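The structure appears below as C-alpha cells.
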Amino acid sequence: MIQLVIASKSEKQLEEIAKYLLENHLVISIDFHKNVLRLEFENGKINNYTIHYIAGKTKSLLFNEIDLRIRNLYKNNIPEIYSHPIINMDWELADKLKSEIERI
C-alpha cells in the first residue's frame, strides 16, 4: 500500500484528478494540501514558489496504471506524481482499501 502524491501549480487540475481517482475507485480518499511553499536550487540560486498537492491511499500495484492514466489525460501539462510506502495501517482501513479499490 502506498500514499500516492500528485503535485501541481494548478488547484483546478488537482481537483479534476481527485474526482477521477475517486470515481474510478483508484484511491479510497484524497487529502488536499494547498499553498505549499516549495524551494528549489536552480541555476546557482534558491527559487521559491507555491504548489498544491493531493495525497491518497491506494495499492502499490496500481501506481503505474494511475501514472499512465494521468499522463494520457494531461499530455501537455503532466503533474508531478510519486508515492510513499505505507508501512503500517490500521486493519479496518487496510480492509477498506482492499475491498473498495480496483482489483488488480
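One table, with the values for the structure above:
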item: The chain, accessible area per residue, ligands and nucleic acids excluded (1.4 Å, Å²); result: 66 Å²
item: Segment K9-S60, extension gain: residue separation times 0.36 nm, minus the distance between their alpha carbons; result: 15.8 nm
item: Placed amide H near S83: partners under 5 Å, 5+ positions off or other chain; result: V5
item: Rounded percent of accessible protein surface that carbon and sulfur make up, the range 1-63, 1.4 Å probe; result: 50 percent
item: Computed lengthening from M89 to H33, 0.36 nm per intervening residue step minus Cα-Cα distance; result: 18.0 nm
item: Degrees separating the helix 11-23 axis from the principal Cα axis of the chain, which is the longest one; result: 10 degrees
item: Cβ-Cβ FRET estimate between K96 and E42, R0 fixed at 30 Å, reported to 0.05; result: 0.15
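The values are calculated or read from the model by the stated rules, or taken from the named source; none is laboratory data. All values derive from a computational prediction rather than experimental measurement. Note: ideal-geometry Cβ built from the backbone for every residue, glycine included; neighbour counts use all protein chains shown. We work out accessible area using only protein heavy atoms, side chains counted, and drop any ligands, DNA or RNA first. Shrake-Rupley method; radii C 1.70, N 1.55, O 1.52, S 1.80 Å.
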